[in-house]
Amino acid sequence: MKMYKGISEKARMNTVKGNWNIIRSHNIRKYFNSALLNANADSFFVEFCMGHTLDSTKAAYFRANSEQLRETYSKYIPFLTIQKALDVSESPEYQKIKNENQILVAETVKHVVERKDLQEMREELDRMKSAFKDLASDKPPITKEYIDMVLGRDAQDNKSKHKKRMYPT
């Protein structure tokens, strides 16, 4: 227990007295198991390394070769190592994602500009359609003279009739 408490204090991950520390034997075992399985290690190898008992069938056929186990284990050491300062921004995976993100940002800006252009063109088209409808309708503006013309009246006759009604002589 003192060993894990010391590791927790050095990592500055210790908690107040009475609470579980993040770094403790069970969590280290979980990390070991997860790291190996995530690195595509054989589940039988992981179980053996964790010290789990083998079922009777596996125990009957399996004979551990220490050299082969050491060689297999050494292949997974990079996945089990906790590095003090890991600069993720230097990894090829991060650089690839960063480049893809920059491309997507540029494409987004391009699409926004294109969309704005399309909206402006749509508005101009709508204005042109409206103007064309007005021109194509062949309807003159409705005025008193137009109404008189449609009704077949003479504009001068209307004026004189209107005066006669208002001012009889």
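Observations on the model:
- Computed over the range 46-134, the alpha-carbon pair-distance distribution with 10 angstrom bins reads 12, 18, 14, 13, 12, 10, 8, 7, 5, 1, each value a whole percent.
- Gain on full extension, evaluated as 0.36 nm per residue between Ile103 and Thr72 minus their Cα-Cα distance, stands at 7.1 nm.
- In order along the range 100-107, phi translates into HN-Hα couplings of 4, 5, 5, 5, 5, 5, 4, 5 Hz, rounded to whole numbers, per the Karplus curve 6.51 cos²θ - 1.76 cosθ + 1.60 with θ = phi - 60° and x for Gly and Pro.
- Label-point gap, in nm, between Lys17 and Gln95 - each point 7 angstrom along Cα→Cβ: 5.1 nm
- Cα→Cβ-extended label distance, 7 Å offset, between Leu118 and Lys58, nm: 5.8 nm
- Between Phe45 and Ile82, the C-beta separation translates, for a Förster distance of 30 Å, into a calculated FRET efficiency of about 0.90.
None of the figures in this text is laboratory data; all of them are computed from the coordinates on show. The structure displayed is predicted, hence computed values, not measured ones. Cβ coordinates were reconstructed from backbone atoms using ideal geometry, including for glycine residues, and neighbour counts include every protein chain displayed.
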